[in-house]
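The block underneath contains the structure these notes are about, expressed in structure tokens.
The values are calculated or read from the model by the stated rules, or taken from the named source; none is laboratory data. Since the model is a prediction, treat every value here as computed from it, not as a measurement. Virtual Cβ from ideal backbone geometry, glycine too; neighbours counted across all protein chains shown. For accessibility, only protein heavy atoms count, side chains too; no ligands or nucleic acids. Shrake-Rupley method; radii C 1.70, N 1.55, O 1.52, S 1.80 Å.
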Amino acid sequence: MIIVIDGPAGSGKSSTARAIADKLDIEYLDSGALYRTATLIYLEANRDKEAFFILLNQKKISFYYEDQKFHVAIDGESVTDKIRTTEVTKAVSEVAALPRVRSFVNNLMRDVVLEGVYVAEGRDLGTAVFPDAELKFFMSADLEERAKRRLKERKEKNPGLSLKEVKQNIAERDLKDSKRQADPLKKAADAIELDTTNLTFEQQVDKICSMISEELK
Ligand code: CDP
């Protein structure tokens, strides 16, 4: 069984999905982390697409969720923190727009969800990757609010970061993610929309959890 949460950057998908996974004791899948991992390999290939695709096919990417964190490794070496750098964040939407990268990531995800109950989050899960998902949510919030949340999250590791910079990065990514040809960020027709601008974290988690529990019955 799979429950998907799509939405733009900073809408709260990732923290909400992790809280849901913990509360309901189900698995969590972070598709953005897999696009970030592909981006790390792209940067390692010095942005040379040919070299990048060769490397992408050679590397073994593994992942699991534990202790509130989605862990990713390339050839057994953890890249969990490396995929969150500003350099990766700036390049990720460009790499995620490549159709070959999308089918690579989609295959990784479809293989893993064959067994168990998963809550997965991303941009195109309800539309392109798991169109038959049992429950679909689309989370949104004002750009200002999303930027504030993201800054709060990143400030500790990156004290020099400004609200303006975060806002700009989010707005640019949203635009690239929504306008790209290959599986753009889009609400699925049958997704339940949740605007979280004025909801507390607990409220949004409880709202989704109660709908999932109903579905699991
Ligand atoms: O958490 P944050 O909003 O910073 O982004 P993320 O979920 O880590 O995703 C990073 C990027 O991966 C997004 O901006 C998209 O370009 C891409 N992505 C995608 O294209 N499709 C998905 N299903 C998930 C992420």
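Inspection of the stretch 144-163 identifies at least one residue that is under 23 Å from residue 95 (Cα atoms), among the small types (Gly, Ala, Ser) and in contact with a Lys or Arg (Cβ under 7 Å, 6 or more places away or on another chain).
The lone criterion from (1) within 16 Å of the ligand (Cβ to nearest atom); (2) among the charged types (D, E, K, R); (3) open to solvent by 80 Å² or more (accessible area, probe 1.4 Å) left unmet by residue 214 is number (1).
Results for (1) assigned to a helix (DSSP H, G or I); (2) in contact with a helix residue (DSSP H, G or I) (Cβ under 7 Å, 6 or more places away or on another chain); (3) within 30 Å of residue 211 (Cβ to Cβ), shown as yes or no for each residue.
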position: 4; (1), (2), (3): no, yes, yes
position: 14; (1), (2), (3): yes, no, yes
position: 22; (1), (2), (3): yes, no, yes
position: 34; (1), (2), (3): yes, yes, yes
position: 56; (1), (2), (3): yes, yes, no
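With respect to (1) within 13 Å of the chain's Cα centre (by Cα); (2) surrounded by fewer than 18 Cβ atoms within 10 Å (Cβ to Cβ), the lone exception for residue 73 is condition (1).
With respect to residue 100, is the statement that it is under 13 Å from the mean Cα position of the chain (by Cα), at pLDDT 95 or above and open to solvent by 40 Å² or more (accessible area, probe 1.4 Å) true?
Spelling it out, it is not the case that residue 100 is under 13 Å from the mean Cα position of the chain (by Cα), at pLDDT 95 or above and open to solvent by 40 Å² or more (accessible area, probe 1.4 Å).
The set of residues in the stretch 106-126 that are buried (at least 23 other Cβ atoms within 10 Å of the Cβ) and not charged (D, E, K, R) comprises 119, 120, 122, 125, 126. Looking only at the stretch 2-43, count every residue that is on the phi > 0 side of the Ramachandran plot and either more than 14 Å from the ligand (Cβ to nearest atom) or more than 14 Å from the chain's Cα centre (by Cα) (or both) and tell me the total. Residues that pass the stated criteria total 1. Is it the case that residue 199 is without any contact (Cβ under 8 Å) to a residue 12 or more places away in the chain and open to solvent by less than 50 Å² (accessible area, probe 1.4 Å)? The answer is yes for residue 199. Please enumerate the residues belonging to the stretch 162-196 that are of a type in the set (Val, Ile, Thr) and open to solvent by 40 Å² or more (accessible area, probe 1.4 Å). Passing the criteria: only 192.
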